[in-house]
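**Q** One structure is given below, represented as structure tokens, and several questions about it will come after.
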Amino acid sequence: MRKFVLAVTLALAGTVMLSACHKQDDAQQAAQQVQKVAKPTDPNDTKAWNAYLGQIVTANMQGMTADRPYAYLVPAGDDADSQAKYGRQLEAVQDVVARGVLPGNMLVFAGPSSAKTADFITAAFKDAKPGAFKDVIVLFIGDEADKQRVTDVLTPTAANIRFVAM
């Protein structure tokens, strides 16, 4: 019986020591994941932009009760393909705005060109009903110069407006 108790005690001690090591590894991995991703220089590198903007979105999700935010990366190019993507995305967001969004959700708007993103938000929300976005978080990631006109368009909707400077 004593040997059994000794074996159990040693097994528990070993488990505690291993779990402490595992927690240390988890902390190191978390620290590595928190490393900041630099702002991309290529406006057409959507993978890099998604990584850069993803860290900003993650840092600004407080108060959101939905499963995930709805993020829109507004294309910056003036070529036909970028214009087509912009048009399709704008139409989709206008439909969302017309239907409304449940409280607790988060809409994120960002892109390589802050001015185009601000134009996008202005066009998407121009026909929004007053008070229709109460308790919905709208995050605009852009330049300080575009902040006021985005705020002016979103204020009547009663959205919780957040701004992060790029």
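**Q** State whether one or more residues within region 82-89 are of a type in the set (S, T, N, Q), modelled with pLDDT under 90 and not assigned by TED's automatic domain parsing to the domain that holds Asp143. Quick ask: steps written out before the conclusion?
**A** Going through region 82-89, the residues of a type in the set (S, T, N, Q) turn out to be 82-83, 89.
Narrowing the set further to residues that are modelled with pLDDT under 90 leaves 82.
The next check asks that each one be not assigned by TED's automatic domain parsing to the domain that holds Asp143; those that pass are none.
No - not one qualifying residue is present in region 82-89.
**Q** Also, quick follow-up: Output the residue which, of all residues in region 71-91 that are among the small types (Gly, Ala, Ser) and touching a residue at least 12 places away in the same chain (Cβ under 8 Å), is nearest to Ala115 (Cα to Cα).
**A** Narrowing region 71-91 to residues among the small types (Gly, Ala, Ser): 71, 76-77, 80, 82, 84, 87.
Applying the additional criterion that residues be touching a residue at least 12 places away in the same chain (Cβ under 8 Å) yields 71, 76-77.
On the way: Ala71: 17, Ala76: 9, Gly77: 12 Å.
Here the answer is Ala76.
**Q** Look at Val8 and say whether it is part of a helix (DSSP H, G or I), modelled with pLDDT of 90 or more, of a type in the set (Val, Ile, Thr) and surrounded by 10 or more Cβ atoms within 10 Å (Cβ to Cβ).
**A** Details: part of a helix (DSSP H, G or I): yes; modelled with pLDDT of 90 or more: no; of a type in the set (Val, Ile, Thr): yes; surrounded by 10 or more Cβ atoms within 10 Å (Cβ to Cβ): yes.
So Val8 does not fit the description; no.
The values are calculated or read from the model by the stated rules, or taken from the named source; none is laboratory data. Fair warning: this is a prediction, and the values are worked out from it, not measured in the lab. FYI the Cβ positions are ideal-geometry reconstructions off the backbone, even for glycines, and counts take in every protein chain you see.
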